[in-house]
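Chemist: Just passing along the structure, written as structure tokens.
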Amino acid sequence: MAMGGADVAWASDPLGAMGVNPAGLGFLTRAELDLGGVGGFVSGTFDKSGVSHGNLDSSMVGLPEGAFAMPIAKTPVVLGISFVPESGQLANWHYQDPPGGLGGATSYGYQQNMSEILALRSAFGIGVQINPQWSVGASVGGTYQQNRLTAPYTFQNLSPSPGANGAKTTLTLDTEGHGWNAMVGVIYKPTPNLQFGVSYESETQVTANGAATGDPSLQFGAPQGTIPFHYDASVKTVLPQQVRFGASWKVAPEWRLTGQIDWIDWKDAFNNLPLTFTHGNNPAVNGVIGANFHETFPLSWQSEFVYRTGVEFDPTENLALRMGYSYGGSPVPNSTLTPTNAAILENTFTCGVGYHWKDYSIDFAYQYDLPETQNIGTSGLLGGQYSNSSIKVSAQTFALTAGVKF
């Protein structure tokens, strides 16, 4: 993190290898354990002039991470295990619900608008040093994922009852599920001071199951609280496949430079969000949209390239100072942008410090995602409540890792 995330060509510890390039395992010569955590907070504002204004909850959230690697005696093989956060997308807004829905006039008042996609990957990996210049590696991981949503929701693509498209309801969705993916990588060292690395991570498909509750009373002219519903619910999500390529160059004994390019396939992963609702318990709601139905929320995200660079300076044998920068354009189009999916951050500055003594090490990193604003003209979502609005977000992230070699 401290070097802008440019680690695919270095990956010199178990956590880096299991996180971005398992080929890094092959160059490890001793067993090592890394334990740490990553956390932070986001800030943001939503504004629809004269209609609604609100802010993001900036409370601190965090997740643990760790990895262990062990060389197999008298072989070039190194084994690794890890648990690493894959996604921690959390947005918790509070603002006046803009009028929308069928007829364009339904508002549920001052509401929480919260969405969360949490994914934690637990993986087993193997790295093999082919010779002093080449190492290859692979890992297979199981991902636990939790999807949550609490917000006024406008149905977009109902089946088999498209006549209710555009209807607006309060909705609370809470689901969880499991999936798996794989990662492969290569590191090449043409000289002792120059390394190249490439890795590929497959997409992760997860069907998360749980429950959905809500109340569309105001949409149909009834007092709020008079038409509550409950459904069993499932959500199909895809975390995108990624390709990473980078280089690490020890330009002098005290200086190391890194560069990296990531390709993230948001276009195939976040084209739409399929939801299935079954076993509806309210006859009145069932009569409009059915006791069992499907809903497809359009996302239409675009794939992106992320460009990363970092520098490390070692003023002493035991101390390392680091800084970095990364840039990736917003993958979210204006047509489907809402506060709860506003992954619009583009420019990221990072810094950090590391200290090692004998077999022990500790590293700290700080990341600041500069404020970004994205304006919505005419929203492509039914209901129109987000047309002519703007969203501004920024984020700060911290990471602390301790390591020990055996």
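Chemist: Each residue of region 331-338 in order: what ³J(HN,Hα) in whole Hz does its phi give by Karplus 6.51 cos²θ - 1.76 cosθ + 1.60, θ = phi - 60°, with x for Gly and Pro?
Modeler: Karplus-based 3J(HN,Hα) across region 331-338 equals x, 8, x, 4, 5, 10, 6, 9 Hz.
Chemist: Further question on the same structure: With θ set to phi - 60° and the Karplus curve 6.51 cos²θ - 1.76 cosθ + 1.60, what are the ³J(HN,Hα) couplings of region 71-85 in order, to the nearest whole Hz, using x for Gly and Pro?
Modeler: x, 8, 3, 6, 9, x, 9, 10, 9, x, 9, 7, 10, 9, x
Chemist: For the chain, what is the convex hull volume of the alpha-carbon atoms per residue, in Å³?
Modeler: Looking at the chain, the number lands at 127 Å³ per residue.
Chemist: Give me the percent relative contact order of region 14-405, please, defined on Cα pairs under 8 angstrom at least 6 residues apart.
Modeler: Relative CO of region 14-405 lands at 15 percent.
Chemist: Per 0.36 nm of contour for each residue apart, how much would the distance between Val353 and Val77 grow if the chain were fully extended, relative to their Cα-Cα spacing?
Modeler: Extra length available between Val353 and Val77 comes to 96.3 nm.
Chemist: Provide, in order from the shortest bin, the percent of all Cα-Cα pairs of region 354-406 in each 10 Å bin, continuing until the bin that contains the maximum pair distance.
Modeler: 20, 24, 18, 16, 13, 10, 0
Chemist: Moving on. Place a +1 charge on the Cβ of each Lys and Arg in the chain and a -1 charge on the Cβ of each Asp and Glu, then give the dipole magnitude about the Cα centre in debye, rounded to the nearest 20.
Modeler: 360 debye
Chemist: Then there is this: Report ³J(HN,Hα) in whole Hz for each residue of region 179-185, in order, from the Karplus equation J = 6.51 cos²θ - 1.76 cosθ + 1.60 where θ = phi - 60°; Gly and Pro get x.
Modeler: Listing the rounded values in order: x, 8, 8, 9, 9, 10, x Hz.
Chemist: What does the charge add up to near Gln242, with Lys and Arg as +1, Asp and Glu as -1, over the other residues with Cβ less than 9 Å from its Cβ?
Modeler: Once all neighbours under 9 Å are counted, the net charge is -3.
Chemist: Then there's this: List every residue whose amide H lies under 5 Å from the amide H of Asn282, counting only residues 5 or more places away in sequence or on a different chain, with H placed 1.01 Å from N in the peptide plane.
Modeler: His230
Chemist: Okay, next question. Once fully extended, how much extra length lies between Met60 and Thr226, figured as 0.36 nm per residue of separation less the alpha-carbon to alpha-carbon distance?
Modeler: Going from the current span to full extension adds 56.1 nm.
Chemist: For Tyr327 and Phe196, what is the calculated FRET efficiency with R₀ set at 35 Å and r taken between the beta-carbons, to the nearest 0.05?
Modeler: Working from the Cβ atoms, E equals 0.95.
Chemist: Can I ask one more? Which is farthest toward the positive dipole end of region 14-405 among Ile344, Ser387, Thr143, measuring Cα position about the Cα centre, with Cβ charges +1 (Lys, Arg) and -1 (Asp, Glu)?
Modeler: Thr143
Chemist: Quick check: convex hull of the Cα atoms in region 275-343, volume per residue, rounded to a whole Å³?
Modeler: Expressed per residue, the convex hull around the Cα atoms of region 275-343 is 178 Å³.
Chemist: Among Gly62, Val311, Pro228, whose Cα projects farthest towards the positive end of the dipole of region 14-405, with charges put on the beta-carbon of Lys, Arg (+1) and Asp, Glu (-1)?
Modeler: The Cα lying farthest towards the positive end belongs to Val311.
Chemist: Fully extended, how many nm does the chain gain between Lys267 and Ala31 (0.36 nm per residue separation, minus their Cα-Cα distance)?
Modeler: That pair, Lys267 and Ala31, stretches by 81.0 nm at full extension.
Values quoted throughout were computed directly from the atomic coordinates according to the rules given, and no laboratory measurement underlies them. Small disclaimer: the values here were computed from a predicted structure and weren't measured. Cβ coordinates were reconstructed from backbone atoms using ideal geometry, including for glycine residues, and neighbour counts include every protein chain displayed.
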